[in-house]
Amino acid sequence: MSHASSTKEIPAHGDMPRHVAIIMDGNGRWAKRQRLPRIAGHRRGVESVRDVVAACAERGVGYLTLFAFSSENWRRPAEEVTLLMQLFQAALSCEVEKLHRNGVRLKVVGETQRFGPKIRALIEQAERLTADNQRLTLTIAANYGGRWDILQAVSKLIQHQSGKLESIEESMLAPYLAMSYAPEPDLFIRTGGEQRISNFLLWQLAYSEFYFTDTLWPDFDAAALDAAIVSYRGRERRFGRTSDQVEQAKRAEVA
């Protein structure tokens, strides 16, 4: 199934975002404030993931994408990276059955070949088990980078072309992007106070509404998600049009 490109047409949108993408920032700072090791913040962050997944499903959000580990996060201390991989493996082992029972489809996007064979096997099993679920598509971006995504899409496009490429159109590249199965995010959230996108979904966030909050990820819950959605509902989504054109389109829909 193909989805509308926000730079080519006006995508369907409403009061409830169809796709929410989140950078889950602040686990380490939360742990530091609690005088706990950093890994304790990451473990508490998994609980926030559970809460937000449930809240999105309850509110009718169709797609939730979480930035769990960027391609730049390998620069962190080796001990922390090892613990994060262990936590990722544990979550894949313990959480997938519950996701499946609740109608959640799980997808993992990123350069997963860098992970160990156990994690890769768990990802494959989880995606296969939940493939037909339709209540919510939960995407975990792991060892993911927006630039990597565009480059790998270009590489795949070239590989699949029999003749010489004179030029590349957006519609030609889009099917090879890591998240071609999902609509572009309506709402992008970053917790933890930072105001940047950190190489996350560079292509897909073209017309997303941005919401930044000082709330650290371990403290982000359903109420915090609702505050972000309230902010989203107050935005005028013009997609290059004027405000007058947006109002005219609304009147035409009512008529």
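The values are calculated or read from the model by the stated rules, or taken from the named source; none is laboratory data. Keep in mind that what you see is a predicted model, and the values were worked out from it rather than measured. Glycine also receives a Cβ, built like all others from the backbone with ideal geometry; neighbour counts cover every protein chain displayed. Only protein heavy atoms, including side chains, enter the accessible area calculation; ligands, DNA and RNA are left aside. Shrake-Rupley method; radii C 1.70, N 1.55, O 1.52, S 1.80 Å.
Counting only protein heavy atoms and using a 1.4 Å probe, what share of the accessible area of the chain belongs to carbon plus sulfur, as a whole percent?
Carbon and sulfur atoms account for 47 percent of the accessible area of the chain.
Looking at the P(r) of the range 65-213, how many percent of alpha-carbon pairs lie beyond 21 Å?
For the range 65-213, the fraction of Cα-Cα distances above 21 Å is 52 percent.
Which value, to two decimals, describes the C-alpha radius of gyration of the range 74-137 once divided by 2.2 N^0.38 Å?
1.20
How much length is gained if the chain between Arg114 and Met85 is pulled fully straight, taking 0.36 nm per residue apart and subtracting their Cα-Cα distance, in nm to one decimal?
9.3 nm
Run the helix sum for the chain: -39,500 (n - 2.57) per DSSP H stretch of 4+ residues, divided by residue count, reported at 222 nm to the nearest 500 deg cm²/dmol.
Helices in the chain give a 222 nm mean residue ellipticity of -14000 deg cm²/dmol.
With no solvent and one point per C-alpha, what does the Debye sum give as log10 I(q)/I(0) for the chain at q = 0.11, 0.16 Å⁻¹?
Here the Debye-derived log intensity ratios amount to -0.63, -1.30.
Per residue, how much accessible surface does the range 16-69 expose to a 1.4 Å probe? Answer in Å², no decimals.
Result: 44 Å² per residue.
Hey, what did the range 46-142 get for relative contact order, percent, Cα under 8 Å, at least 6 apart?
Value for the range 46-142: 43 percent.
In whole angstrom, how far apart do the alpha carbon centroids of the range 178-221 and the range 40-90 sit?
With the range 178-221 and the range 40-90 each reduced to a Cα centre, they are spaced 14 Å.
On average, how much accessible surface per residue is there in the range 207-248, in Å², for a 1.4 Å probe, leaving out ligands, DNA and RNA?
51
About its Cα centre, what dipole magnitude does the chain give when the only charges are +1 on Lys and Arg Cβ and -1 on Asp and Glu Cβ, stated in debye to the nearest 20?
My answer is approximately 580 debye.
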